[in-house]
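Worksheet for the structure shown next.
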Amino acid sequence: MRQLSEYINNDFKPFPITETVAEVHDFFADVSYTHFPIIENDAYIGCISAVDAETFEVSKALADYRYMLEGFFVRSTMIWLDVLEVFARNNSNIIPILDDQNKYVGYYEITDVIKFLTETPFLKETGAVIIVEKPTADYSMSQISQIVESNNGKLLGIFVSEADSEKVQVTIKTTAGGTNEIIQSFRRYNYEIISEHQEDDYLNTLKERSEYLDKYLNI
């Protein structure tokens, strides 16, 4: 599998702080970026927002709007999940990258990070996706893993997909096969099954009984 660092982009050079607002307007008119990095003396000092730039006077320089810069960035050594979190937290489709010495090395585009994500086994490999729910105080990641593996399943990925003070939903992806046994084991441990599955014998039985009762009542 490719490394995320292989997606570092340098197609466009960062703006110097001395760049005119008019040039920035022209740039954002030609690209779909929400932000773009700004440097001063070759050092990254922040990102300018395309939305903010629209309000700037074209005759001025970026230096006149230094206070409007947003200072988010990622490290070149960060894992994809942490990078994705920075994208989400800043509502940006581009993230500047700095090395461990704070040197600007390029930027990530959100489309490339998503492409990288689709190459992970969690999305790429064939398997079953199960969503379970349990009170926040009672759920356990180790227990969830044990339930899957004790039924001859192999975890491809697991994450908390929804949570509040009362309940937690956990999304699990396992290798195909044995899904019904895994689902029934989760029920025995008082997990509610949120996702629907054709292999779910419990729900299939309830459906058959309901259909039989409806047929009986309509006689």
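What is the packing order of peptides 32-45, 151-164, taking the mean over residues of other C-beta atoms within 10 Å and listing the highest first?
Averaged packing, sorted descending, gives the order 32-45, 151-164.
Modelled label-to-label distance, Asn91 and Gln146, 7 Å Cα→beta-carbon offset: nm?
My value for the distance between the label points is 4.4 nm.
Quick one: of Lys103/Lys124; Lys134/Lys173; Lys124/Lys167; Lys134/Lys154; Lys13/Lys60, which pairs are farther than 23 Å apart, Cα to Cα?
Those over the limit are Lys103/Lys124; Lys124/Lys167.
For the Cα atoms of the chain, what angle does the longest principal axis make with the long axis of helix 201-217, in degrees from 0 to 90, nearest 10?
Long axis of 201-217 versus the principal axis of the chain: about 60 degrees.
What percent does the relative contact order of the chain come to when contacts are Cα pairs within less than 8 Å and at least six residues apart?
15
I'd like to compare 4-14, 104-114: which one has the highest average count of other Cβ atoms within 10 Å, and what's the full order after that?
104-114, 4-14
Taking mean projected area of the Cα convex hull in nm² as the quantity of interest, determine which of [x] 15.7; [y] 12.9; [z] 18.4 was computed from the displayed structure.
Given [x] 15.7; [y] 12.9; [z] 18.4, the structure-derived one carries the label [z].
May I ask you to list the residues of region 165-199 whose amide nitrogen lies under 13 Å from a point 7 Å from Cα along the Cα→beta-carbon direction of Thr126?
175-177
Taking the simple approach of a point 7 Å from Cα along Cα-to-Cβ for both Thr20 and Thr136, what is their distance in nm?
5.4
HN-Hα J couplings of region 142-158 from phi, Karplus 6.51/-1.76/1.60, θ = phi - 60°, integer Hz, Gly and Pro as x?
Computed from phi, the couplings for region 142-158 are 5, 5, 4, 4, 5, 4, 4, 6, 6, 9, 6, x, 10, 6, 9, x, 7 Hz.
Taking 0.36 nm per intervening residue step and subtracting the Cα-Cα distance, what contour gain separates Lys115 from Ala176 on full extension?
Result: 19.6 nm gained on full extension.
Please work out the C-alpha center-to-center distance from region 100-125 to region 20-79 and express it in whole Å.
What the calculation gives is 22 Å, centre to centre.
Tell me the label-point distance for the pair Tyr189, Val58, using the 7 Å Cα-to-Cβ offset, in nm and rounded to one decimal.
6.3
How far, in nm, would the chain grow between Asp99 and Ala29 when pulled straight, counting 0.36 nm per residue and subtracting the alpha carbon separation?
22.2 nm
Using alpha carbons only, what's the Rg to Rh ratio of region 58-101 with Rh from Kirkwood?
Answer for region 58-101: 1.10.
Computed from the coordinates by the stated procedures, all read-outs in this text should not be read as laboratory data. Please read all numbers here as calculations on a predicted model, not as lab measurements. Please note: Cβ atoms are built from the backbone with ideal geometry, for glycine as well, and neighbour counts cover all protein chains shown.
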